[in-house]
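The values are calculated or read from the model by the stated rules, or taken from the named source; none is laboratory data. The structure presented is a predicted model; accordingly, all values stated were derived computationally and were not measured. Positions of Cβ are generated from backbone atoms using ideal geometry, with glycine treated the same way; all protein chains shown enter the neighbour counts.
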Amino acid sequence: MVLIDHIGLISTESDEGKKLSLHESIVKLSSHYLITLRNKYNYIPVVIQQQASSQESVENMKQGRLKPTMDGLGDC
């Protein structure tokens, strides 16, 4: 099992001379590299995405908002 915690901290890379954005690098990691690990080596990739700390505030807990929201998640 391969754990990546947290995905927003991966390094960006270049693809054919073009510098990829963080989002593009995350997509390439999950759609290319992790698929190869799964298929070729039978690894189980697990990607952890952090929730923004502002979404975990005491006010949200008081109002019963405990589920993650799209605006509280990271880049991908």
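In table form, for the structure just shown:
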| quantity | calculated |
| --- | --- |
| Tally, over segment 29-59, of residues that are modelled with pLDDT of 70 or more, surrounded by 12 or more Cβ atoms within 10 Å (Cβ to Cβ) and not hydroxyl-bearing (Ser, Thr, Tyr) | 10 |
| Every pair of residues 6+ apart whose Cβ atoms lie under 6 Å, when the first sits in segment 7-34 and is assigned to a helix (DSSP H, G or I) while the second is acidic (Asp, Glu) | Gly8/Asp75; Leu22/Asp75; His23/Asp75; Ser25/Glu13 |
